[in-house]
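What follows is a short report on a single structure.
The values are calculated or read from the model by the stated rules, or taken from the named source; none is laboratory data. From a predicted model like this one, the values you see are computed outputs, not experimental measurements. Positions of Cβ are backbone-derived with ideal geometry, glycine not excepted, and every protein chain shown enters the neighbour counts. These accessible areas exclude ligands, DNA and RNA; they are computed on the full protein's heavy atoms, side chains included. Shrake-Rupley method; radii C 1.70, N 1.55, O 1.52, S 1.80 Å.
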Amino acid sequence: MPSRPQLAHLTAALDELREKGTYFKLRILDDQQAPVCHYDGRQVINLASNNYLGLANDPRLIEASIDATRKFGVGSGAVRTIAGTMRIHMDLEEKIAAFKNVEACVVFQSGFTANAGTVGSILGKDDFILSDELNHASIIDGARLSRANIKVFRHKDADHCEELLQEISDEPGKKLIITDGVFSMDGDIGPVDKLAALAEKYGAIMMVDDAHASGVLGRNGRGSVDHFGMHGHVDVQVGTLSKAIGALGGYVCGSRELIDFLYHRARPFLFSTSHPPSVAATCLKAFEILEEEPERIERLWDNTRYLQSELKGAGFNIGGIDTPATETPITPIIIGDGRKTMEFSRALFDAGILGTGIAFPTVPEGKARVRLIVTSEHTRPQLDRALETLESTASKMGIINA
Ligand SMILES: *Cc1c(COP(=O)(O)O)cnc(C)c1O
């Protein structure tokens, strides 16, 4: 049934996107999430996934997932608090807590629900949230759900955060400072050390969202808290199981009491069914691999340095001019105009490269980009082929001077 007149405003909104040139169709992956794979029937070098360590299709994870399905079935059958807490869910939480060197961990259905469920439940309407202006949407939604007062500080600007803290120093409400560990669109690292020091000074709760730092930063991929040597100074560490870990899910690490509270109050935990056992088994295996094969992370960083220095050498704007400079495998090619960005992304695809165009509202107006992410599993010849195509396509379109 086509939409009825009640939904005419949606048609208008979509027409507006088409006019702006930022309307998109979903690209469909025909095989596995691998460095070379097929989208929409075309073979491409895939520089668009968050599968940093190649774990999404690692044979050992696939085996673990199948084994768990055979033993425990395909579904957990209930939310965690009713009847859906399986032994393997607890095993995973214990494994992550030990890995992150914290008392306890709770796993959520996704990183999104971990953030939204945690921020939304640990604060109330008389409290304050100090949030980086480029924090992830799930933090913003969680902040809104909490009904706390939201104070936004300029990107990575700890001095601005302190000014805001001083403005509310007489307020009795609790204060929460929150930052992404790695910012998902620019790839720069949040000032976890400085913000944690502020949290200490002003008695605020310190929270970090390590979605893009999990498996990427710190010893064996322990994240930004480990990267900065701030163990014991961050009250709430969020991570994802959907990116480097290769499967699906999110988690919160912290004190036993924090986790106990979330078991009782975080709404996605209480009101949405827990992971299938296969997902928990997959993630357990992934953490084993993180501990045993740090060389994967080395390869990821080698590939990152190579791709980024070649792109810079070719004259691409990969950030650091009018946008933050990347410090991680996230590699934005800043184009600016949304329409041109989408055209560049399509031309790349036609030439055999998958690099997703990202425009407003995911990034600010005028800061549209094609975002590239290499993985540990890309080979040098694949990267060289990708670089050649990126350069020839960009020079044809006047994005770089050749
Ligand atoms: C991807 C992402 C999330 C969401 O994680 P999912 O597991 O995909 O739901 C949260 N925060 C940041 C910063 C992210 O990049």
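Largest first and in whole Å, give the semi-axes of segment 1-89's equivalent ellipsoid, each being the square root of 5 times a Cα gyration tensor eigenvalue. Before the final figure, lay out the partial values.
On the way: eigenvalues 267, 130, 26 Å².
Equivalent-ellipsoid dimensions as semi-axes: 37, 25, 11 Å.
Among DSSP bridges having both ends in the chain, what percentage is antiparallel? Round to the nearest 5.
Details: 25 of 44 bridges.
The answer is about 55 percent antiparallel.
Quick check on segment 149-246: take the gyration tensor over C-alpha atoms, sort the square-rooted eigenvalues as a ≥ b ≥ c, and tell me if it's rounded (a/c under 1.5), prolate or oblate.
Working: a/c = 2.21, a/b = 1.90, b/c = 1.16.
Prolate.
Under a straight-distance cross-link criterion of Cα-Cα below 18 Å, which lysines are reachable from Lys340, leaving out those fewer than 8 residues away in the same chain?
Cross-link targets: Lys20, Lys25, Lys367, Lys396.
Mind checking which of Asn46, Asn57, Asn115 has the largest fluctuation in a GNM of the chain, springs on alpha carbons under 10 Å?
Asn57
What is the ratio of the Cα radius of gyration of segment 79-163 to 2.2 N^0.38 Å, where N is its residue count, to two decimals? Display every interim value, and only then the final one.
Values: Rg = 15.7 Å, N = 85, 2.2 N^0.38 = 11.9 Å.
So the Cα radius of gyration is 1.32 times the expected 2.2 N^0.38 Å.
Per-residue counts of other Cβ atoms within 10 Å, averaged by peptide: what ranking do you get for 357-366, 216-225, 174-183, highest first? All intermediate terms of the calculation are to be shown ahead of the outcome.
Working: 357-366: 16.8, 216-225: 23.9, 174-183: 26.0.
In descending order of packing, they fall as 174-183, 216-225, 357-366.
Across segment 59-292, how many lysine pairs separated by 8 or more positions, or lying on different chains, have Cα atoms within less than 19 Å?
Lysine pair count for segment 59-292: 19.
Can you pull the percent of the chain's accessible area that's carbon plus sulfur, 1.4 Å probe, other chains left in place?
Values: 9250 of 18090 Å².
Its accessible area is 51 percent carbon and sulfur atoms.
Counting only DSSP beta bridges with both residues in segment 165-288, tell me the antiparallel percent, nearest 5. The partial results should precede the final answer.
Details: 5 of 13 bridges.
The antiparallel fraction comes to roughly 40 percent.
When ligands, DNA and RNA are left out and all protein chains stay put, how many square angstrom of accessible area per residue does the chain have with a 1.4 Å probe?
Each residue of the chain exposes 45 Å² on average to a 1.4 Å probe.
What percent do you get for the relative contact order of the chain when only Cα pairs under 8 Å and 6+ apart count?
Details: 799 pairs, mean separation 84.8, N = 402.
It rounds to 21 percent for the chain.
Please label the shape of segment 232-360 as rounded, prolate or oblate, based on the square roots a ≥ b ≥ c of the eigenvalues of the alpha-carbon gyration tensor (a/c under 1.5 means rounded; beyond that, a/b larger than b/c means prolate, else oblate).
Working: a/c = 2.07, a/b = 1.84, b/c = 1.13.
It comes out prolate by the Cα gyration axes.
Limiting things to C-alpha atoms, what are the Rg and the maximum Cα-Cα separation (Dmax) for the chain, in angstroms?
For the chain, the Cα-based Rg and Dmax read 21.5, 62 Å.
Quick check: Cα centre of segment 105-181 to Cα centre of segment 291-360, how many Å?
29
To the nearest 20 Debye, how big is the dipole of the chain about its Cα centre, given +1 on the beta carbon of each Lys and Arg and -1 on that of each Asp and Glu?
On the way: 43 positive and 54 negative charges, 220 e Å.
With Lys and Arg at +1 and Asp and Glu at -1, about 1060 debye.
DSSP loop trypsin sites (Lys or Arg not before Pro) in segment 1-100 with at most 10 other Cβ atoms within 10 Å of their Cβ, which ones?
Lys25
For segment 59-292, just the Cα atoms, rotate onto the principal axes and tell me the three extents in Å, largest first.
That works out to 57, 35, 29 Å along the principal axes.
Give me the compactness ratio for segment 268-343, meaning the Cα radius of gyration over 2.2 N^0.38 Å. Spell out each step's value before the answer.
Numbers: Rg = 18.9 Å, N = 76, 2.2 N^0.38 = 11.4 Å.
After normalising by residue count via 2.2 N^0.38 Å, the value is 1.65.
Sum -39500 (n - 2.57) across every DSSP H segment of at least 4 residues in the chain, then divide by the residue count to get the 222 nm mean residue ellipticity, nearest 500. Spell out each step's value before the answer.
Details: 14 runs with 168 residues, N = 402.
Taken over the chain, the calculation gives -13000 deg cm²/dmol.
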